[in-house]
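Every number here is computed from the coordinates shown, using simple stated rules; none is lab data. The model shown is predicted, which means the values in this text are computed figures rather than measured ones. Here the Cβ positions follow ideal geometry from the backbone for every residue, glycine too, while neighbour counts run over all protein chains shown.
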């Protein structure tokens, strides 16, 4: 099954980073472009804390990182 059949292609982001922190920073850059009031530093800390307790990686290159805002 192709991911585009479940999630709109416009919501799928191809990342170039090879580290977790770099990937999260790329994702946050996209979010901040759309929602300028977000605080990327605070969100990055929250995302890294979340990933340290339990990964959001689903497999096959798919991850759904999340944090409460």
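In the stretch 53-62, is there at least one residue being assigned to a loop (DSSP other than H, G, I, E, B) and touching a strand residue (DSSP E or B) at 6+ places or on another chain (Cβ under 6 Å)?
Among the residues of the stretch 53-62, at least one is assigned to a loop (DSSP other than H, G, I, E, B) and touching a strand residue (DSSP E or B) at 6+ places or on another chain (Cβ under 6 Å), which makes the answer yes.
Search the stretch 17-40 for residues that are part of a loop (DSSP other than H, G, I, E, B) and pair each with any residue that is surrounded by 10 or more Cβ atoms within 10 Å (Cβ to Cβ) when their beta-carbon atoms are under 7 Å apart and the residues are at least 6 apart or on different chains.
17/23; 17/26; 38/31; 38/32
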